[in-house]
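Please see the structure below; I have some questions.
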Amino acid sequence: MRKTLGWLLSLVVLIGTMGAAGFTAQAATAAGPAAATDIKDQILGIPGMSLIEEKPYPGYRFFVLNYEQPVDHRQPGKGTFKQRLTLLHKDVSRPTVFYTSGYNVNTSPRRSEPTTIVDGNQVSLEYRFFTPSRPDPANWANLDIWQAASDQHRIFTALKKIYTKNWLATGGSKGGMTATYFERFYPRDMDGVVAYVAPNDVVNNEDSAYDRFFAKVGTKECRDKLNAVQREALVRREPLEAKYATAAAENGWTFTTVGDLDKAYEAVVLDYVWAFWQYSLLSDCASVPAAATASDQEIWDTVDAISGFSAYTDQGLQTYTPYYYQAGTQLGSPDIKQPHLAGLSRYGYQPPRNFVPRDIPMTFQPAAMRDVDNWVRKNANQMLFVYGQNDPWGAEPFHLGYGVRDSYVMIAPGANHGANVAKLLDEEKALATAKILQWAGVAPAAALADARRATPLAAPDAQLDQRDLEREPQLRP
């Protein structure tokens with residue numbers, strides 16, 4: 001009897017559906033081909049969302065948007081600001097990757113590695129307080145990791161109504177930290193996290209891990225060569241600072257924030273070894289000049305190419321004020337011993353306070369990173385951390401404890417701050433790719449049965465897949 005009744009009900013539903021479909025088809029024909037709601041209209045139908053521009057890209061729709069956010073998520077009635085984001089739209093039937101660099105958003109179409117692996121959509125968010133996504137007036141107390149995670153949560157909640165499939169959070173360096181903090185504060189939002197080269201400075205005043213790193217990274221020959229150039233740049237401080245003064249006059253550089261040209265010069269020089277390993281490979285050591293025979297110009301050129309003499313000018317610091325503020329209030333910053341510079345360094349590694357205008361108050365909160373580290377060790381679920389073997393920022397990585405589920409830390413041999421899944425050893429690369437596909441809900445049956453058969457679902461695209469790795473000084477991950 002139940003089978004017969006079920007069959008009759010199915011028949012009634014089928015007939016009704018066919019009739020409704022016929023009526024809908026007639027109505028659509030009468031209304032014209034634009035009966036379906038365009039994805040742009042769906043996105044702009046979200047309260048607080050506005051369009052800056054749409055840029056064409058083959059196979060995608062790419063939107064640059066603003067979204068109205070509370071200045072303070074704890075008191076949403078006390079003002080809002082516009083936060084910039086981009087949306088690389090593939091199809092609502094595909095998974096979505098939530099990406100952030102932790103800095104400004106790139107307004108050109110780009111695709112992170114997880115987006116390529118899952119062949120999905122990508123939402124990219126500008127971090128709060130990076131202009132133009134800065135409240136006016138700016139209450140800097142509202143720049144913290146919880147407020148930023150709440151920005152992501154609110155955008156995810158709004159867009160999830162349109163992009164209903166699985167979501168992954170990702171980012172590299174400060175973006176990897178950001179993805180991790182988002183997971184810590186809103187663990188039910190994402191279906192997985194892929195955090196690249198994410199530093200984890202749990203105890204800000206204990207940085208011996210970095211000293212151990214620099215004592216063994218690469219080869220002794222390369223370490224000695226870099227140390228000699230760095231030392232020589234301080235030995236020749238007087239003629240090289242004269243060149244710096246000339247460059248400052250030519251470029252309109254000023255040094256109000258850091259204090260003076262001498263402090264800025266030493267900060268650039270002390271970045272040299274760190275920045276080399278952050279952005280270069282061991283093979284690049286061959287291009288480093290021999291300090292003993294190098295001219296002043298050669299010393300200047302190599303330091304400028306690797307560290308960048310504009311970095312600690314007012315003009316170079318201005319864009320990154322929000323980062324230095326966070327480093328000095330929650331994230332922490334590294335300090336390393338450099339015995340080869342004994343008697344030459346006047347300031348040592350300068351703290352973030354020196355790189356933030358003095359009218360912005362800063363107080364360090366030591367509990368912030370301890371809380372995140374403790375949470376990850378005990379609660380990580382479907383999280384992947386990828387590090388580069390020769391990247392200084394990997395000296396203090398995230399660690400996983402016994403309570404975690406389906407989570408991994410992987411290290412790409414010989415890789416720098418640009419480490420990713422593609423640079424892992426074959427077995428780990430296959431496992432990482434399989435997990436990303438699985439978490440996104442798009443793993444082919446072959447990959448589920450054998451991780452070695454897991455490969456990215458999207459075809460490579462030279463423009464979309466290029467990584468815009470900024471040349472950043474040591475204090476900025």
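Put +1 on the Cβ of each Lys and Arg and -1 on the Cβ of each Asp and Glu in the chain; which of 218, 36, 64 then has its Cα farthest toward the positive end of the dipole?
36
Which one of 279, 403, 360 is farthest out on the positive end of the charge dipole of the range 255-404, using unit charges on Cβ (Lys, Arg +1; Asp, Glu -1) and the Cα centre as origin?
After comparing all options, I get 403.
Treating cross-link reach as a plain straight distance, find the lysines whose alpha-carbon is under 23 Å from the alpha-carbon of residue 55, omitting any fewer than eight places away in the same chain.
Leaving aside lysines fewer than 8 places away in the same chain, those within reach of residue 55 are 40, 82, 90, 160.
Against the longest principal axis of the chain, how steep is helix 2-31, in degrees 0 to 90 to the nearest 10, with axes from Cα atoms?
70 degrees
Right, here's the next one. Any idea what angle helix 145-159 forms with the longest principal axis of the chain, computed on alpha-carbon atoms, 0 to 90 degrees, nearest 10?
Result, in degrees: 30.
Quantify, in whole percent, the carbon and sulfur part of the accessible surface of the range 288-379 (1.4 Å probe; protein heavy atoms only).
Roughly 51 percent, rounded to a whole number.
Using the crude model of +1 on Lys and Arg Cβ and -1 on Asp and Glu Cβ, and no other charge, please compute the dipole size for the chain relative to its Cα centre, in debye to 20.
1760 debye
For a Förster distance of 56 Å, can you work out the FRET efficiency between the beta-carbons of residue 235 and residue 50, rounded to the nearest 0.05?
According to the calculation, E is roughly 0.50.
Return the whole-Å distance between the Cα centroid of the range 147-205 and the Cα centroid of the range 379-443.
About 15 Å separates the Cα centre of the range 147-205 from the one of the range 379-443.
Per-residue counts of other Cβ atoms within 10 Å, averaged by peptide: what ranking do you get for 184-192, 360-368, 121-129, highest first?
Averaged packing, sorted descending, gives the order 121-129, 184-192, 360-368.
What does the charge dipole of the range 263-390 about its Cα centre add up to, to the nearest 20 debye, if the Cβ of each Lys and Arg holds +1 and the Cβ of each Asp and Glu holds -1?
With only Lys, Arg, Asp and Glu charged at Cβ, the dipole is about 640 debye.
Continuing with the same structure: I need the peptides 276-285, 88-97 ranked by packing, meaning the mean over residues of other C-beta atoms within 10 angstrom, with the highest value on top.
Descending packing order for the listed peptides: 88-97, 276-285.
Along the charge dipole of the chain, pointing to its positive end and built from +1/-1 on Cβ of Lys, Arg, Asp and Glu, which listed residue (462, 376, 269) has its Cα farthest out?
So the residue furthest toward the plus end is 376.
Students often get this wrong, so check it: of 220/337; 220/263; 220/243, which have C-alpha atoms separated by over 22 Å?
The answer is 220/263; 220/243.
Quote the relative contact order of the chain in percent (integer), defining contacts as alpha-carbon pairs under 8 Å separated by 6+ residues.
16 percent
In whole Å, what is the distance between the alpha-carbon centres of the range 313-341 and the range 284-299?
27 Å
OK, next. Could you work out how much longer the chain between residue 246 and residue 467 gets when fully extended? Use 0.36 nm per residue separation minus the Cα distance between them, nm to one decimal.
Result for the pair: 76.2 nm of gain on full extension.
Of the DSSP beta bridges with both residues in the chain, give the percent that are antiparallel, rounding to the nearest 5.
Antiparallel bridges: around 50 percent, rounded to the nearest 5.
To the nearest 20 Debye, how big is the dipole of the range 179-275 about its Cα centre, given +1 on the beta carbon of each Lys and Arg and -1 on that of each Asp and Glu?
That gives a dipole near 320 debye.
Sticking with this one: Does anyone have the angle between helix 237-251 and the longest principal axis of the chain? Alpha-carbon axes, 0 to 90°, nearest 10?
Computed tilt is about 50 degrees.
Would you mind putting 217-226, 288-297 in packing order, based on average other-beta-carbon counts within 10 Å, highest first?
Per-residue Cβ counts within 10 Å, averaged per peptide and sorted highest first, yield 217-226, 288-297.
Have a look at the chain and give its Rg and Dmax from the Cα atoms, expressed in angstrom.
Cα-based Rg and Dmax for the chain come out at 25.6, 98 Å.
Calculate, for the chain, the solvent-accessible area per residue in square angstrom, rolling a 1.4 angstrom probe over the heavy atoms of the protein chains.
45 Å²
Now, a different point. Using only helices, what value at 222 nm comes out for the chain when you add -39,500 (n - 2.57) per DSSP H run of length 4 or more and divide by the total residues, to the nearest 500 deg cm²/dmol?
Result for the chain: -12000 deg cm²/dmol, rounded to the nearest 500.
The values are calculated or read from the model by the stated rules, or taken from the named source; none is laboratory data. Computed from a predicted structure; not experimentally measured. Here the Cβ is made from the backbone with ideal geometry for all residues, glycine too, and neighbour counts use every protein chain on show. Remember, those area values only see protein heavy atoms, side chains included, never the ligands or the DNA or RNA. Shrake-Rupley method; radii C 1.70, N 1.55, O 1.52, S 1.80 Å.
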